[in-house]
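Structure, as structure tokens:
The values are calculated or read from the model by the stated rules, or taken from the named source; none is laboratory data. Every value quoted in this text rests on a predicted model; they were computed, and no experiment measured them. Don't worry about glycine lacking a Cβ; one is built from the backbone with ideal geometry, like all the others, and counts go over all protein chains shown. The protein model used for the area step is the full one, side chains on, heavy atoms only, and it has no ligands, DNA or RNA in it. Shrake-Rupley method; radii C 1.70, N 1.55, O 1.52, S 1.80 Å.
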Amino acid sequence: MTNPMPPKGTGPLAKREARLAWGMLLPTITIVSLVVILPLLSIFWISFKPVELADLRAPTPVVREALRGRPKVDGDAATIRYRIRNSSQERPITGITLADTLPPDLTINTVDERCTLTRLDLFCDLGDFEGGRRDDVLIDVTVTQAFLDADPDLGDTEAVLTGRSQSILTSGTFTLKNFARIFDSSEFFDVLYATLFYTVVGTIGALVVGLFAAMLLNKSFAGQGILRGLYLFPYVAPVIAVAFTWVTLFDPFSGSANALLIQMGVSDGPINFFGQRPQALIMVTVFEIWRYFPLSFLFILARMQSIDTDMYEAADMDGASPFQKFWYLSLPQLLGILSVLFLLRFIWTFNKFDDIFLLTGGNAGTRVLTVDVYDQAFAISNIGAGAAVAVVIFCCLLGFSVLFFKYISREEGL
């Protein structure tokens, strides 16, 4: 009696091939994981830190060296002054020391009591500097003619400062003030509403317009290739060019759109499409739909052209109307690609920054969460609050993805 064959993929050779495959993929997986995970972890870390833009660098001692007294002849008295300060206005620096080599053609009279002089080597123990502290180290000297003839420059030997300080990014100090500041803000829910309106309406609108465009070009006719190319123009055109064109076209004073509306009697006066509520949010959403419907159009058209035409012929023989053929035949075949496109476009639109920033700068009710990240981090220099908003964006997208794969994708068989 022979031994039964092992299940496919579980034999020794299959296991060795699987280990080899994972070994070959391991460098790529590691690099991709580091590229994705490390920035994400850093954002979470910074979101719990009371850090501003000026705090990204650890405090350091700064020194300026100068010869005071303007000596002109041999024997004139002068003072070497080291002006030292803490670069941070809030955080301390401990154990500051100063080391320098003095010029050889000077007669040293008195040295600061915190300093010691060994021949020409100066060493000063200055102790701890609180945030914003400034101090001077003074060395009284007498110049010689050799020093004056040498065209003196104290910067020939640069003073060296040392000190210990801790960056707030690597410290053990954590806070929830960044999140409290965001959620306590009266503008947060306005920002969240603008983000959801822009994302949901923009995503659904791009899918619907892309679906209609695909239906129009699903049949062969003269000029079909040219029309497809024109449909792709909004997506392939540089965003800064099309955004500037839209702003110019809908300008309240010199825009062609306002002039046309006034001449047609639709409007009594110019409309500030990108400068007032709620027109600004509607316009940036329409721009989002116009710019990104070609992506949906391409995927939907490709799926439509792969559908077997036999069932449409059978439906024609049964007297089905165009709407019935679309609703009962085409749409069920397209639900899979539509759900994938909805997921991708929702995530991309939720993260969209450049379109709104170029059109309105986030003004007039168009400040979405991504623009809020920029405003918090750079406009008011609060890096921690900007990172906290980024964490909110991540949590929103993570929650949406979980719900999508749990409910919607299950229904579509994805």
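List of remarks:
- Scanning the stretch 176-199 turns up at least one residue that is of a type in the set (Val, Ile, Thr), at pLDDT below 90, assigned to a helix (DSSP H, G or I) and open to solvent by less than 30 Å² (accessible area, probe 1.4 Å).
- Val191 passes every criterion in (1) over 22 Å from the mean Cα position of the chain (by Cα); (2) closer than 30 Å to Ile380 by Cβ apart from (1).
For (1) in contact (Cβ under 8 Å) with a residue 12 or more places away in the chain; (2) closer than 19 Å to Leu169 by Cα; (3) not in a strand (DSSP E or B), each residue gets a yes or a no:
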site: Leu40; (1), (2), (3): yes, yes, yes
site: Glu65; (1), (2), (3): yes, no, no
site: Val73; (1), (2), (3): yes, no, yes
site: Ala78; (1), (2), (3): yes, no, no
site: Arg83; (1), (2), (3): yes, no, no
site: Ser88; (1), (2), (3): yes, yes, yes
site: Asp100; (1), (2), (3): yes, no, no
site: Thr107; (1), (2), (3): yes, no, no
site: Thr116; (1), (2), (3): no, no, no
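- Verdict on Gly163 being within 30 Å of Phe48 (Cα to Cα), out of contact with any Cys (no Cβ under 7 Å at 6 or more places or on another chain) and crowded, with 19+ Cβ neighbours inside 10 Å: yes
- For the stretch 210-231, residues that are modelled with pLDDT of 90 or more, within 33 Å of the chain's Cα centre (by Cα) and surrounded by fewer than 18 Cβ atoms within 10 Å (Cβ to Cβ) total 0.
- Residue check for Tyr407: surrounded by fewer than 16 Cβ atoms within 10 Å (Cβ to Cβ) and aromatic (Phe, Trp, Tyr): yes
- Residues of the stretch 232-276 that are of a type in the set (Ser, Thr, Tyr) and either open to solvent by less than 50 Å² (accessible area, probe 1.4 Å) or assigned to a loop (DSSP other than H, G, I, E, B) (or both): Ser254, Ser267.
- Matching residues in the stretch 118-152 - criterion: being without any contact (Cβ under 8 Å) to a residue 12 or more places away in the chain and not hydroxyl-bearing (Ser, Thr, Tyr): Arg119, Asp149, Asp151
- Residue match in the stretch 335-353 (condition: open to solvent by less than 30 Å² (accessible area, probe 1.4 Å) and touching a Lys or Arg at 6+ places or on another chain (Cβ under 7 Å)): no
- In the stretch 283-311, residue surrounded by the fewest Cβ atoms within 10 Å (Cβ to Cβ) [restricted to those that are at pLDDT below 95 and of a type in the set (Val, Ile, Thr)]: Thr309
Let's see how each residue does on (1) assigned by the TED database to the domain that holds Asn363; (2) of a type in the set (A, V, I, L, M, F, W, C); (3) out of contact with any Leu (no Cβ under 8 Å at 6 or more places or on another chain); (4) under 18 Å from Leu341 (Cβ atoms):
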residue: Leu211; (1), (2), (3), (4): yes, yes, no, yes
residue: Gln224; (1), (2), (3), (4): yes, no, no, no
residue: Leu249; (1), (2), (3), (4): yes, yes, yes, no
residue: Leu260; (1), (2), (3), (4): yes, yes, yes, no
residue: Asp268; (1), (2), (3), (4): yes, no, yes, no
residue: Phe323; (1), (2), (3), (4): yes, yes, yes, no
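- Spans of helices (runs of 4 or more DSSP H) in the stretch 322-414 with at least 3 residues among the aromatic types (Phe, Trp, Tyr): 331-350
- Criterion (touching a helix residue (DSSP H, G or I) at 6+ places or on another chain (Cβ under 9 Å), within 16 Å of Leu358 (Cα to Cα), in contact (Cβ under 8 Å) with a residue 60 or more places away in the chain and small (Gly, Ala, Ser)) met by exactly one of Ala214, Ala243, Ala206: Ala243
- Scan of the stretch 118-147 for residues that are over 20 Å from Arg64 (Cβ atoms) and not in a strand (DSSP E or B), ordered by number: Arg119, Leu120, Thr144, Gln145, Ala146, Phe147
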